[in-house]
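Structure, as structure tokens:
The values are calculated or read from the model by the stated rules, or taken from the named source; none is laboratory data. These figures come from a predicted structure and were not determined experimentally. All Cβ positions, glycine included, derive from the backbone under ideal geometry; neighbour counts span all protein chains shown.
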Amino acid sequence: MQETFCIYYTARIQKSYCWLVSSALRGTEHIAFDRAYDVPESIFEFFVPQAMEPVFLEVMAYFENKKIVSELIKSTNRLKPLS
């Protein structure tokens with residue numbers, strides 16, 4: 001059985017708008033799971049199902065354009081085993 005893991009992103013969110021980004025993602029099911037990764041730096045992590053990546057990136061592009069989200073980085077899912 002093949003295991004699948006979500007695509008992993010991190011981003012910095014303006015502190016006064018964290019609620020907005022989180023609400024936008026949670027308001028539509030299955031776009032992404034988000035949580036604060038580094039509270040003092042206002043960095044969030046996002047676990048995105050592969051099929052929802054285009055939608056997630058569209059939402060993030062909107063927030064980046066509004067200067068609410070910055071430093072959106074796609075990287076290896078930190079919960080995925082290395083081997």
Practice task
Just name the residue that is surrounded by the most Cβ atoms within 10 Å (Cβ to Cβ) out of those in region 11-37 that are at pLDDT 95 or above and hydroxyl-bearing (Ser, Thr, Tyr).
Solution key: 17
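Just to verify a result, which residue in region 1-26, among those that are touching a residue at least 24 places away in the same chain (Cβ under 8 Å), outside any helix (DSSP H, G or I) and among the aliphatic types (A, V, I, L, M), is nearest to residue 76 (Cα to Cα)? Show your work before the answer.
Looking only at region 1-26, we keep the residues that are touching a residue at least 24 places away in the same chain (Cβ under 8 Å), and these are 4-15, 17-18, 20-21, 24-25.
Of the ones still in play, those that are also outside any helix (DSSP H, G or I) are 4-14.
Pick out the ones that are also among the aliphatic types (A, V, I, L, M) and you get 7, 11, 13.
On the way: 7: 8, 11: 14, 13: 20 Å.
My answer is 7.
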Fill in the blank from the handout: Residues of region 27-42 being over 11 Å from the mean Cα position of the chain (by Cα), under 14 Å from residue 63 (Cβ atoms) and not in a loop (DSSP other than H, G, I, E, B), in sequence order, are 27
Practice task
Kindly list, by first and then second residue, each pair from a residue in region 34-63 that is on the phi > 0 side of the Ramachandran plot to a residue that is of a type in the set (A, V, I, L, M, F, W, C), limited to pairs with Cβ atoms under 7 Å and residues at least 6 apart or on different chains.
Solution key: 42/13; 42/18
Practice task
Take the residues in region 49-70 that are outside any helix (DSSP H, G or I) and at pLDDT 95 or above, then tell me which one is surrounded by the most Cβ atoms within 10 Å (Cβ to Cβ).
Solution key: 69
